[in-house]
Amino acid sequence: MQTVGDMSRALVLRTNQARLRAEMDRLAVEVSTGFVRDSAAHLKGDTSALLSIDRSLEKLEAYRVNAASATFLTGTMQATLDEVQDRSEGLSQTLISAELTPNDALLNTLSEDAATALNQVLNALNRNVAGRFLFSGTATDTAPMPAVDTLLADVRAALAGATDMASVDAALDSFFGAGGGFEVTTYQGSDTGLAPLRLSETETATVDIRATDEVFRAVLKPMLKAALSTDGLLAFDQTLQIEMLSSAGRELLSAQADVVEMRAGLGALEARLEETTTRISAERAATITARLDLVGADQYDTAARYENIQSQLENLYAITARSQRLSLAEFL
């Protein structure tokens, strides 16, 4: 039977075990995180500097995420523009040759090439990355461009009744002009651009390129002109077909300058984002260092104290076990 002394010793042992376990838990956290567990106690209640540092880290993390997002968007857009430029530039060289050896087979082939390139450009403008359509403005869940057959049907209807180059160009200019079919019917995205991404208190990055941009209209219009030049329903005569194909080639060649200019502007933004990312990374590193100086735990000292507490706790367990065996022997 336990005496009052036995109960008192058991209570002391349990109290010490609980204290040592709590101290071990605290030191384990400090060893694993590198920071003291109780910042307020460590700073003697004055946590204003720590709160300021934490707010700065939160802002820098938001800027880092925005910069990474903008870098990803601009990089993907740059790749898309490269594809558009490659397709349109290659097609322009081919279409210009329509005047050299015109015959029905060649004209049909050139028209089919234009339809293929048009489809590739539409697919590029409908690029979807991580569930977001890049060229739809704020309507990132909607593809900006329809299927190639749908667009061809819309423009075919617009060209119905055209009999010469002037009327073809007038119909296409109307379709791609302000308030025309391209804006009203073809484009499925939003007329509102993406909001600028904040990179600092004073700096933002605007990544707003939509499929309705004049650069893309200048590429799509001659491609459609060439693709529909030999269309059976429109039934243009061969002279007009040749005119449409060759003029489409010249217009595509002329459009390259605007594509290059857009890519250059995007490249300048990419360079600025790279510099900004480097700056944010440096600021975060300096701020984290400042926080470590303020509430960082001495890893070597903490690990040594942890081992010491662990040793004490093991000794206490051994004493407890021995005490219990002695009490049992006395009882027997």
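The values are calculated or read from the model by the stated rules, or taken from the named source; none is laboratory data. Since we're looking at a predicted model, the values are computed, not measured. Counting neighbours? That spans all protein chains shown, and the Cβs are built from the backbone with ideal geometry, glycine included. Heavy atoms of the whole protein, side chains included, go into the accessibility calculation; ligands, DNA and RNA do not. Shrake-Rupley method; radii C 1.70, N 1.55, O 1.52, S 1.80 Å.
Some values worked out for this structure:
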item: Residue-normalised accessible area of region 134-218, expressed per residue, 1.4 Å probe, Å²; result: 44 Å²
item: Length gained when the stretch Thr206-Ala170 is fully extended (0.36 nm per residue, less Cα-Cα span); result: 9.5 nm
item: In sequence order, calculated HN-Hα J values of region 271-283 (Karplus, 6.51, -1.76, 1.60; Hz; x Gly/Pro); result: 5, 5, 5, 5, 5, 5, 4, 5, 5, 4, 4, 5, 5
item: Residues in region 204-227 that a label on Ala268 would reach, taking backbone N under 16 Å of a point 7 Å out along Cα→Cβ; result: 204-209
item: Largest-first principal axis extents, alpha carbons of region 78-174, Å; result: 46, 28, 19
item: Alpha-carbon spread of region 103-151, three principal axes, descending order, Å; result: 46, 17, 12
item: Segment Arg132-Val260, extension gain: residue separation times 0.36 nm, minus the distance between their alpha carbons; result: 43.6 nm
item: Asn123-Asp104 pseudo-label distance in nm [points 7 Å out on the Cα-to-Cβ vector]; result: 3.1 nm
item: Heavy atoms of Val207 accessible to a 1.4 Å probe, total area in Å² rounded to 10; result: 10 Å²
item: Radius 15 Å from Cβ of Ser174, net charge of other residues (Lys, Arg +1; Asp, Glu -1); result: 0
item: Label-point separation, Asp213 to Lys44 (7 Å along Cα→Cβ), nm; result: 5.9 nm
item: Part-to-part distance (alpha-carbon centres) for region 188-227 and region 48-103, which is given in Å; result: 11 Å
item: Inter-label distance for Thr163 and Thr116, nm, one decimal - labels placed 7 Å from Cα along Cα-to-Cβ; result: 3.5 nm
